[in-house]
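Scroll down for the structure; my scribbles are underneath it.
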Amino acid sequence: MTNKNSENNLTVMENIRLAIVFPGKITKFNGIGKIFFKSYPAAERIFTNANISFGSELASSCINGFDYTYDSEIKKLLSSHILSCLFANILRYYNITSKAFLGSSLGIYAALFAAKSISFDESNYLIKSLIDSISQNSDNISPAYAEISGLNEKTLISLIKNSLSESSLSISHFNAQNHFIVSGNEQEILKLIELSKKMDAFCQLFLKADYLIHTNFLKLSPLWHETLNNINFDDPDIPVFCDTEVKLFNSGQEIKMLLSEHITKPVFFESSIKALIAEGINCFLEVGGGGVLSKQIRWIDRKVRVHCIEDEDSFEKAIKVLK
């Protein structure tokens, strides 16, 4: 009986077609940076290079954690990038191979590093330059965003049109069925929330923002395009999936072109997951605590396997299953 079970487990393992998912922002750290820093030589190299790129304070935050409520959005995004790249190196150390890397939002830069299209230093240079470009050209008054669920896409778009808010509101993330993020002016967002509630929708989160990524309200400085031209993108050794284009990319030149306006386009996460499943992917591994994307993947398709690295225990369980 034991031998038969072992054979069945082996068959299941042989059939795994994995996609590794890099989020744009890791919502919880749970001390995982400190755990990996002590355990893996790759971690020390990553943090040493991060010190050079961003300064010692940021790398220290990745190791020791920080106050997620009060620290700046930029600090959260850059720390998430560093930790995602660290996990990519450690997964490579364990010979965890995937059929695709999905870089969601700003997670695409960690995905490109994982796929060996760019180096860690180049990924740091790109994401720092992009954030600088966004910060210098963000003239939105009172930017904010809200998660709204319980309405279908057609109804939500109709609400935005009927409230005469098209010029100040935009659906920036199509996360899962009847689950969206709407970005725009704070007052218009609050009005939309009230209208949505009257139709029995839920506002799961409302936050003021530093800038409105994944909307056409965002303006990029010419320096961003100069930065892109300074980087040579190799063809990735594993295809990289972009959730603003809902497409797999195998060409370094195509990747350079898509990054030009990537941050100004909406995220189609649900369509991306469905496209990857259609390509044969049946297992997803999210790199980063909180498991926000993992939950969304489960909403989209409960048949696929989903793992999320958010602490030492979840990391060890994932490695045991996938190695």
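The values are calculated or read from the model by the stated rules, or taken from the named source; none is laboratory data. What you see is a predicted model, and the numbers here were worked out from it, not measured in a lab. Quick reminder, even Gly has a Cβ in these numbers, built from the backbone with ideal geometry, and neighbours come from all protein chains shown.
Laid out as a table, the results:
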| quantity | calculated |
| --- | --- |
| Conditions (1) in contact with a Leu (Cβ under 8 Å, 6 or more places away or on another chain); (2) assigned to a helix (DSSP H, G or I); (3) more than 14 Å from PHE233 (Cβ to Cβ); (4) hydroxyl-bearing (Ser, Thr, Tyr): number failed by SER123 | (3) |
| Breaking point among (1) modelled with pLDDT of 90 or more; (2) buried (at least 16 other Cβ atoms within 10 Å of the Cβ), for HIS225 | (2) |
| Subset of the stretch 17-30 that is part of a loop (DSSP other than H, G, I, E, B) and at pLDDT 90 or above - its residue that is farthest from the chain's Cα centre (by Cα) | ARG17 |
| Tally, over the stretch 294-315, of residues that are hydrophobic (A, V, I, L, M, F, W, C) and part of a loop (DSSP other than H, G, I, E, B) | 1 |
| Flag for GLY107 being under 24 Å from ILE263 (Cβ atoms), assigned by TED's automatic domain parsing to the domain that holds SER260, modelled with pLDDT of 80 or more and not in a helix (DSSP H, G or I) | no |
| Hey, GLU270 in a helix (DSSP H, G or I) and buried (at least 21 other Cβ atoms within 10 Å of the Cβ) or not | yes |
| All positions within the stretch 170-222 that are in contact with a Lys or Arg (Cβ under 9 Å, 6 or more places away or on another chain) and more than 21 Å from GLY24 (Cα to Cα) | GLU186, CYS203 |
| Residue that is buried (at least 17 other Cβ atoms within 10 Å of the Cβ) and in contact with a Pro (Cβ under 9 Å, 6 or more places away or on another chain), where the choices are LEU276, LEU248, LEU259, LEU285 | LEU248 |
| Yes/no for SER221 being more than 22 Å from the chain's Cα centre (by Cα), of a type in the set (Gly, Ala, Ser) and within 19 Å of SER149 (Cβ to Cβ) | no |
| One residue from ILE231, ILE157, ILE148 being touching a His at 6+ places or on another chain (Cβ under 9 Å) and either in contact (Cβ under 8 Å) with a residue 12 or more places away in the chain or over 30 Å from SER117 (Cα atoms) (or both) | ILE148 |
